[in-house]
Amino acid sequence: MVPQPVKAVILLFPITENYEKDRKEEAKKIQENGQEVSPNVVFFRQTISNACGTIGLLHTLASNTDVIKIDGPLKSLLDKTKNLTPEERAKVLEDDEGLAEAHQASASSGQTKAPRADEDVNSHFAAFVEKDGSLYELDGRKPFPINHGKCTDLLKDSAKIIKKFMNRDPDKIEFTVIALSSNQ
């Protein structure tokens, strides 16, 4: 039922104690053992409160410039941040007034009341993309992209990881998955 090919998957999930524990353990393990990350993965750290939806969309678009024509301010932003570290990219986002205005306008125009920037929320967005044959989780709260290994079908392979998120907190039902599909 999902149009193919899928170019990115966005997951909305609850932030729980289990998630926080696993996030920290995963980062420690990768820092100790390392991981291979394709130079074609575009990753932004999230340093702006309650902007995870914007960061998730940014990850999906920045990772698919080969199939999505991007122009205007977003293209300028991606060009400006192309050779920067994730932390430097975050600083550019913090200082980009145009992006802040677009984020606020979009957040306030939806059917659901957007949280204030300083408000605590218990849900978060992360993106999944395929680059150079590997599945990557792009979560701006994490220090780096997570390489989940070989990817042959983005939707099916990301669903396996998403099931782990759901199994980690089986009493939670606040999960939503969105697929970005292409007609190419």
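The values are calculated or read from the model by the stated rules, or taken from the named source; none is laboratory data. Computed from a prediction, not measured in an experiment: that's the story for all the values here. For neighbour counting, all protein chains shown are included, and Cβ atoms are generated from backbone atoms with ideal geometry for every residue, glycine included. Note: accessible area is taken over every heavy atom of the protein model, side chains too, but ligands, DNA and RNA are not part of it. Shrake-Rupley method; radii C 1.70, N 1.55, O 1.52, S 1.80 Å.
Evaluating Val9 against the criteria (1) touching a strand residue (DSSP E or B) at 6+ places or on another chain (Cβ under 8 Å); (2) within 25 Å of Glu94 (Cβ to Cβ); (3) not in a loop (DSSP other than H, G, I, E, B) leaves one unmet condition, (2). If only residues of region 172-184 that are farther than 17 Å from Glu17 by Cα and open to solvent by less than 90 Å² (accessible area, probe 1.4 Å) are counted, the one that is farthest from the chain's Cα centre (by Cα) is Ser182. Considering Glu119, Glu137, the condition of being acidic (Asp, Glu), under 20 Å from Thr16 (Cβ atoms) and either modelled with pLDDT of 95 or more or in a helix (DSSP H, G or I) (or both) is satisfied by Glu137 alone. Within the span defined as region 84-93, every residue fails to be in contact (Cβ under 8 Å) with a residue 60 or more places away in the chain and either outside any loop (DSSP other than H, G, I, E, B) or touching a strand residue (DSSP E or B) at 6+ places or on another chain (Cβ under 8 Å) (or both). The residue of region 32-54 that is farthest from Asp132 (Cα to Cα), among those that are open to solvent by 50 Å² or more (accessible area, probe 1.4 Å) and touching a residue at least 12 places away in the same chain (Cβ under 8 Å), is Ser49.
Of everything in region 13-30 that is farther than 21 Å from Lys131 by Cα and not charged (D, E, K, R), the residue that is most open to solvent (accessible area, probe 1.4 Å) is Asn18. Of all residues in region 142-171, exactly one satisfies the criterion of being surrounded by fewer than 17 Cβ atoms within 10 Å (Cβ to Cβ), basic (Lys, Arg) and in contact (Cβ under 8 Å) with a residue 60 or more places away in the chain, namely Arg168. Of everything in region 55-68 that is assigned to a loop (DSSP other than H, G, I, E, B) and in contact with a helix residue (DSSP H, G or I) (Cβ under 9 Å, 6 or more places away or on another chain), the residue that is least open to solvent (accessible area, probe 1.4 Å) is Ile68. Summed over region 152-177, the residues that are within 17 Å of Lys7 (Cβ to Cβ) and assigned to a helix (DSSP H, G or I) give a count of 8. For region 24-36, the criterion of a residue being part of a helix (DSSP H, G or I) and modelled with pLDDT under 95 is satisfied by no position. Selection of first residues in region 114-135 that are under 12 Å from Lys150 (Cβ atoms) and of second residues that are at pLDDT 95 or above and not in a loop (DSSP other than H, G, I, E, B), restricted to Cβ pairs under 6 Å at least 6 apart or on distinct chains, gives the following pairs, ordered by first then second residue: Glu130/Leu154; Ser134/Asn147; Leu135/His148; Leu135/Asp157.
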